[in-house]
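Peer 1: Quick one: the structure is below, and I'll ask about it shortly.
Computed from the coordinates by the stated procedures, all read-outs in this text should not be read as laboratory data. Note that the structure is predicted; figures quoted are calculated from it, not measured. Cβ placement follows ideal geometry from the backbone for every residue including glycine, while neighbour counts extend to all protein chains displayed.
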Amino acid sequence: MEDNEFVQILTPEGQRAAHPEYESSLGRDEVFGLYRDMVIVRRLCNEATSLQRQGQLALWAPLQGQEAAQIGAGRALQAADFAFPSYREHGVAWCRGVTPKEMLRIFRAVSTGGWDPQTYRYSVPTVVLGDQVLHAVGYAMGVQRDGAHEAVMTFFGDGASSQGDVMEAFVWAASFNAPVVFILQNNQWAISEPASLQTRIPLYHRAQGFGFPGVRVDGNDVLAMYEVTRRALDLARDGGGPTLIEAYTYRMGAHTTSDDPTRYRVDAEVEIWKHRDPVERVKALLTHEYRMKRAALDTVTEEAEAVAHQLREDVLAMDSPDPLTMFDHVYATPHPLVERGRREMAEFVASQGR
Amino acid sequence: MATTTMTMARALNEGLRRAMEANTKVLLMGEDIGKLGGVFRITDGLQKDFGEDRVIDAPLAESAIVGTAVGLAIRGYRTVVEIQFDGFVYPAFDQIVSQVAKLHKRTDGVYTMGLVIRLPFQGGIGAIEHHSESPEAYFAHTAGLRVVSCATPNDAYWMIQQAIEHDDPIIFCEPKSRYWEKGEVDLDEPPRGLFDAVVCREGRDVTMIAYGSMVKIALRAAEAAEAEGVSIEVIDARSLAPFDLDVMIASVTKTGRLVIVQEAPPTASLGSELAAELSEQCFYSLRAPALRVSAYQVPYPPSRIEEYYRPSVDRVLDAVDRVMEWES
């Protein structure tokens, strides 16, 4: 699994790299926009980790290291497209307009969803590995039947790549030529298990066995992620069928705030990936090629601070829901046992004088 | 009133056809349901008439059949999924329990999981293993799902249409041993709501609740008991989750005795739930403990001996004797 197998158009040093098939279509303002996105999601992610450490969140799944994979793919989506995430795609959620406050509702344990998926055209997090990949393919089959010029995207990881549902989704997508783009974020680790335990071949090679294109991208190169994803989405919208994109990246932090990565991986590995940071290379590009001044870049840092500050305020203000809301929306139509439970709980709570 | 005689298989076919005519968002998906018309021919001719985009021959993966139906539901389609046999539903169990049952709740009602999972269930057809099971309790246990079962062609015709129209996900259990039995179907008017139980034979002494294939066994037992002077009221539960308890409570309050007949093994079964619920609700009316006549707590046996496993008329009558003799 050599690094030179992947599509890279911006090196870790922030230099342009020529690639025979892909080149960046973005101008300065757009690149700056991607930089802004990455700085903000990294900052809000840090704030969430702090909030968890302070006992304000039940759990947090940090995205550090995967900003480019998520922002590049997320910004390639068009408004009408629909995406199905796993649970670490805070960067994609940001691109779809989900507010940081909404992202944290599930981690604050005040909700089991978090946001309105139809408004953002972005589904709710899926924790059972790989389930959402089938939903994306089914949704894409609906798009086909509607004759709509839309594409569908879904996210999963190297760990979930071993799930049967993901394999089945590949079969379905290929057989029905579904307009779906699979984004496999290979962050090298499924909690404590290395990607080498999930596969003996580069994961993007699997697509070939199912009969559709697979491409590995430097997942820390936001420009490459954007271009490769955009082309795959165009292909899907135009009836060209599915694509598997393996974003080759690294989970810099723990799997979640409950994890301790020092038990299973060495610091030297993390050090190597620090030099491939997705944000620093764009900053270098903006500074050297576009001659952007420090002050201009600092505005983004300040904005990120403000987002983090607001997020903290919003989270602290997020109270436990009314216990009776657990009886809402279990069914779309009235259900006698749900109503019985609602009644019994209300009576019990009242009897306790609470 | 336009009535006609047809088999349950035909009634389901006609019901599906009518639902597809009424709503272009209704799709069918399953293994071999297109050209073949399904292994039981329930979808016979539908692909020819509605096209391959609406009657979808699925690759052979049950989790994907249900999982893609979830995605189609999010997109606004109503997919009727055919699981070929009861014993093949387990690969889809995760999608059903973790996704189908929970996504409406998890999205605060934004996603409507309007899909129907058709499950030919129960035994009695001399099949090989994994083709005769009664998995309904797994699904009835799960909040977010509804489970129904038809026992007659008329119910099959109407309940499948009502299930497709309904906004909650429905596990639709079809007693495959009754597929080829004929009955009257009223093409104009549904007999009752999808979640209503029905008293299919009135009686004074014992309430007998059954569903699916066992309704016929219960009715035959009631006939035999009548000859011996015992009057049995037979209720077809029809809806297994939730139960239509009002109909059942009224009956047990009247008769004071309860026998539940089911093809499933007894432990944590729907019969157990009914026995607990009705014992609590009808405690002062009961003259004997609620009894369950079930399969045994063993895997479904080789079908050459399945009639020892499934409740028979005689085993049901033994239970009737026990509740009748309790006071003496």
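Peer 1: Hey, fewest Cβ within 10 Å first, where do B:Lys176, B:Lys182 land in order? Could the numbers behind the result be given before it?
Peer 2: Working: B:Lys176 26, B:Lys182 13.
Going from sparsest to densest Cβ surroundings: B:Lys182, B:Lys176.
Peer 1: Peptide A:318-330: average number of partner chain Cβ atoms within 10 Å per residue? Let's see the in-between values first.
Peer 2: Values: counts 0, 0, 0, 0, 0, 0, 0, 1, 2, 1, 3, 9, 8.
That works out to 2 on average.
Peer 1: For segment B:198-325, what is the per residue volume of the convex hull drawn over the alpha-carbon atoms, in cubic angstrom? Write down the numbers at each step before the final one.
Peer 2: Values: hull volume 12.2 nm³, N = 128.
Cα-based convex hull of segment B:198-325, divided per residue, equals 95 Å³.
Peer 1: Let me spell out the model: positive unit charges on the Cβ of Lys and Arg, negative unit charges on the Cβ of Asp and Glu, origin at the Cα centre of the protein assembly as shown. What dipole size does that give, in debye rounded to 20?
Peer 2: Working: 67 positive and 96 negative charges, 170 e Å.
Here the protein assembly as shown has a charge dipole of around 820 debye.
Peer 1: Let me ask something additional. Taking chain B as a Gaussian network, Cα atoms linked when under 10 Å apart, which of B:Gly67, B:Gly126, B:Gly229 shows the biggest mean-square fluctuation?
Peer 2: Among B:Gly67, B:Gly126, B:Gly229, the largest GNM mean-square fluctuation belongs to B:Gly229.
Peer 1: Using only the alpha-carbon atoms, how far is helix A:222-237 inclined from the longest principal axis of chain A? Give it as 0 to 90 degrees, nearest 10.
Peer 2: Roughly 70 degrees, rounded to the nearest 10.
Peer 1: Then there's this: Kindly put A:Tyr331, B:Tyr308, A:Tyr248 in sequence by how many other C-beta atoms sit within 10 Å of each C-beta, fewest to most. Walk me through the numbers before you get to the answer.
Peer 2: On the way: A:Tyr331 24, B:Tyr308 11, A:Tyr248 28.
Ranking A:Tyr331, B:Tyr308, A:Tyr248 by Cβ neighbours within 10 Å, fewest first, gives B:Tyr308, A:Tyr331, A:Tyr248.
Peer 1: Can you pull the one-decimal nm distance between simple spin-label points at A:Ser50 and B:Tyr308, each 7 Å off the Cα toward Cβ?
Peer 2: 7.2 nm
Peer 1: Percent relative contact order of segment A:3-321, based on C-alpha pairs within less than 8 angstrom and at least six residues apart? Working shown, then result.
Peer 2: Details: 615 pairs, mean separation 85.3, N = 319.
Dividing the mean separation by the residue count of segment A:3-321 yields 27 percent.
Peer 1: Also: Do the sum for chain B: with -39,500 (n - 2.57) for every DSSP H run of n ≥ 4, divided by all residues, what is the mean residue ellipticity at 222 nm, to the nearest 500 deg cm²/dmol? It would help to have the intermediate numbers written out before the result.
Peer 2: On the way: 11 runs with 109 residues, N = 328.
Mean residue ellipticity, 222 nm, calculated: -9500 deg cm²/dmol.
Peer 1: If you take every DSSP beta bridge whose two residues both sit in chain A, what share of them, in percent to the nearest 5, is antiparallel? Working shown, then result.
Peer 2: Values: 3 of 25 bridges.
Taking every DSSP beta bridge within chain A, about 10 percent pair in antiparallel fashion.
Peer 1: Let me ask another. Got the relative contact order for chain B handy, in percent, Cα pairs under 8 Å and 6 or more residues apart? Please report the intermediate quantities before stating the final value.
Peer 2: Values: 746 pairs, mean separation 53.4, N = 328.
Dividing the mean separation by the residue count of chain B yields 16 percent.
Peer 1: Spin-label point model (7 Å from Cα, Cβ direction): what's the B:Glu165 to A:Ala268 distance in nm?
Peer 2: 7.0 nm
Peer 1: Taking only Cα atoms and a 10 Å spring cutoff, compute GNM fluctuations for chain B and point out the largest among B:Ile33, B:Ile232, B:Ile249.
Peer 2: B:Ile249
Peer 1: Which order results if B:Thr142, B:Thr267, A:Thr112, A:Thr243 are arranged by neighbouring Cβ count within 10 Å, fewest first? Intermediate results must be reported in sequence, preceding the final value.
Peer 2: On the way: B:Thr142 19, B:Thr267 10, A:Thr112 16, A:Thr243 24.
With the sparsest Cβ surroundings first, the list reads B:Thr267, A:Thr112, B:Thr142, A:Thr243.
Peer 1: Using Cα-Cα distances under 8 Å and only pairs 6 or more residues apart, what relative contact order does segment A:230-346 have, in percent?
Peer 2: On the way: 26 pairs, mean separation 12.0, N = 117.
Reported relative contact order: 10 percent.
Peer 1: Here is a follow-up. Sort B:38-47, A:289-298 by the packing proxy (mean of other Cβ within 10 Å over each peptide's residues), most packed first.
Peer 2: Values: B:38-47: 20.0, A:289-298: 11.5.
The packing order, highest mean first, is B:38-47, A:289-298.
Peer 1: Mind checking the mean number of beta-carbon atoms from other chains within 10 Å of the Cβ atoms in A:170-179? It would help to have the intermediate numbers written out before the result.
Peer 2: Values: counts 1, 5, 8, 2, 1, 3, 5, 0, 2, 0.
Other-chain Cβ atoms within 10 Å of each residue's Cβ, averaged: 3.
Peer 1: Which loop chymotrypsin sites (Phe, Trp or Tyr not before Pro) in segment A:250-283, with loop taken from DSSP, have no more than 11 other Cβ atoms within 10 angstrom of their Cβ?
Peer 2: On the way: sites: A:Tyr250, A:Tyr264, A:Trp273; in loops: A:Tyr250, A:Tyr264.
Those that pass, being in a loop and sparsely packed, number zero.
Peer 1: Can you tell me which lysines have their Cα less than 17 Å from the Cα of A:Lys293? Leave out same-chain residues fewer than eight positions away.
Peer 2: The reachable lysines, counting only those whose Cα sits under 17 Å from A:Lys293, are A:Lys283.
Peer 1: Something else now. Based on the Kirkwood radius over alpha-carbon pairs, what is the Stokes-Einstein translational diffusion coefficient of chain A at 37 °C with 0.692 mPa s viscosity, in µm²/s?
Peer 2: On the way: Rh = 21.3 Å.
Value of D from the Cα-based Kirkwood radius: 154 µm²/s.
Peer 1: Using helices alone, I'd like the mean residue ellipticity at 222 nm for chain A: each DSSP H run of four-plus residues gives -39500 (n - 2.57), total over residue count, nearest 500.
Peer 2: Numbers: 14 runs with 165 residues, N = 354.
-14500 deg cm²/dmol, from helical runs alone.
Peer 1: Cα centroids of segment A:235-308 and segment A:72-110: how far apart, whole angstrom?
Peer 2: Each part's Cα centre sits 16 Å from the other's.
Peer 1: A follow-up question, please. Straight-line reach from B:Lys182: which lysines have a Cα under 21 Å away, not including same-chain ones fewer than 8 places off?
Peer 2: B:Lys216
Peer 1: Continuing with this model, one more query. What residue among A:Met103, A:Met318, A:Met252 has the largest mean-square fluctuation in a Gaussian network model of chain A, using Cα springs under 10 Å?
Peer 2: Most flexible of the set in this elastic network: A:Met318.
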